[in-house]
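Structure, as structure tokens:
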Amino acid sequence: MTPVFDVVLIGGGLVGSSLAIALNHSGLSVALVEAAAPRASDGPREDERNLALARASTTALQTLGVWSHLAASATPIERIHVSRTGEFGALRLDARQEGLDAFGAVVPARALGVALAQELEQCTRIRRYTPAELLDLRPGSDSTQISLRTPDGDTLIAARLLVGADGTASRVRALSGIGVDEIDYGQTLFVCSVYPQRPLTGLAYERFSDTGPVALLPLAERRAGLVLSVATPDAADVAALDDEAFLAYAQQRFGWRAGRLSRPGRRSAHAIRRVVAHSLVAPRCVLIGNAAQTIHPIGAQGFNLGLRDALTLAQSLIAQQRAGGDPGAAALLQAYAHARREDRDGTLAFSDGLVRLACSPAPLLKPLRSLGLLLLDGLPGLGSLVARRGMGFRGRPTAYALGVRP
Ligand SMILES: Cc1cc2nc3c(=O)[nH]c(=O)nc-3n(C[C@H](O)[C@H](O)[C@H](O)COP(=O)(O)OP(=O)(O)OC[C@H]3O[C@@H](n4cnc5c(N)ncnc54)[C@H](O)[C@@H]3O)c2cc1C
């Protein structure tokens, strides 16, 4: 007989794993399907991303029990400095002026993946299909039939609610007939750790230029996470640079605010596209995380937004379960899509607007930008608003972000 689950999650990446952990004690029967085999070591080797987590996300990860596995790898962001090459003005934000110890924290993406995997190990109520790949879907009125490919052969399961957390190229999205809007930004981001001569001690830099943003994020052991965007046609040349030449290029792009940059770590490269689903829901199906929207990393919003998707959905599903309702009910899915609209639209507009404004060479924008940075720097109210949004408190926060399990 085909096993029928209340919820089947396709994709056990950062966002799908977070949702699975949130649902462990929900009373719902939950299956998590992940195509990649579990790794004994520390996650994908080629991924050197460091994620800036908003304060709402670090609190939510504490609530989920994930933070205890991650705290040792996290570095608090106490101050933020935003500037643009060749223009006057800079925006400076200080957590203490907001009455906080930190805006959030930087964590290596790999360490977050490991911490989620460790917590997931303890979630014994979640049925894991790993490695298993979604092949096909057959929607029905009460449930959706899901065919999976596993190393032991193809198998069939069914879900009252199917959750697509399967990333930018989501198969759930395609099989559910949900279209996307796509923008190729023509940028490739190079990511690696470096050793700045002047320790950042809680200071995160974001520096814009016509060729795209460069960021330097504080990391443990006096290191810093460098994020360097390059026009995609030049990416192969930059990838071919040896460490010394790459450092010289990074130094020229970032400047000397942190002194000389040295001792670069392994480099990874990420082509940047914006992929936005036309709808978050289809019958008995919902999309979350990068499957729902993949955005430019410039504002450090992608995982933060995806986590808010996951936790808003967890809250709705737990309330529905307590009321004895159907987890795939059309009314629940519509209410979920409605609840996510403001945060999603606002974050998409923020990150896209930031790319266009901050990286555009248009000369007319130059004085406006410089003025904008000075104004934001001078007016505490405006700076606070930007900081609050950056901390992930856009729209109504989930219970998890306030430190409470629903
Ligand atoms: C350079 C860079 C820097 C970034 N910096 C930040 C930052 O500072 N702050 C921030 O918040 N965000 C940041 N992001 C964005 C963040 O990394 C993503 O938003 C986040 O990782 C998305 O997670 P996800 O789980 O939705 O998708 P993914 O991580 O893509 O996970 C999808 C999962 O689904 C699985 N899967 C796919 N297809 C199938 C299938 N058919 N069957 C079964 N499983 C399947 C995959 O194996 C994968 O594990 C950055 C991104 C980049 C590229």
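Residue check: is Thr150 closer than 19 Å to Gly302 by Cβ and surrounded by fewer than 20 Cβ atoms within 10 Å (Cβ to Cβ)?
No; evaluated as a whole, the condition is false for this residue.
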**Prompt:** Are any of the residues in segment 258-272 away from the ligand (no atom under 16 Å from the Cβ) and either within 30 Å of Ala337 (Cβ to Cβ) or of a type in the set (A, V, I, L, M, F, W, C) (or both)?
**Reply:** yes
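For every residue, the table says whether it meets (1) farther than 26 Å from Ala22 by Cα; (2) in contact (Cβ under 8 Å) with a residue 12 or more places away in the chain; (3) within 24 Å of the chain's Cα centre (by Cα); (4) within 16 Å of the ligand (Cβ to nearest atom).
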| residue | (1), (2), (3), (4) |
| --- | --- |
| Pro139 | no, yes, no, no |
| Arg173 | no, yes, yes, yes |
| Asp181 | yes, yes, yes, no |
| Pro196 | yes, yes, no, no |
**Message:** Looking only at segment 279-292, filter to residues that are within 9 Å of the ligand (Cβ to nearest atom) and outside any loop (DSSP other than H, G, I, E, B); which one of those is surrounded by the fewest Cβ atoms within 10 Å (Cβ to Cβ)?
**Reply:** Asn290
**Residue match in segment 159-169 (condition: closer than 16 Å to Ala282 by Cα and part of a loop (DSSP other than H, G, I, E, B))** = yes
**strands (runs of 3 or more DSSP E) lying entirely in segment 42-155 (those with 3 or more residues that are closer than 24 Å to Pro406 by Cβ)** = 126-129
**Asked** Quick one: is Val8 within 12 Å of the ligand (Cβ to nearest atom), more than 30 Å from Thr201 (Cα to Cα) and modelled with pLDDT of 90 or more?
**Response** yes
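The values are calculated or read from the model by the stated rules, or taken from the named source; none is laboratory data. Every value quoted in this text rests on a predicted model; they were computed, and no experiment measured them. Neighbour counts run over all protein chains shown; Cβ positions are idealised from the backbone, glycine included.
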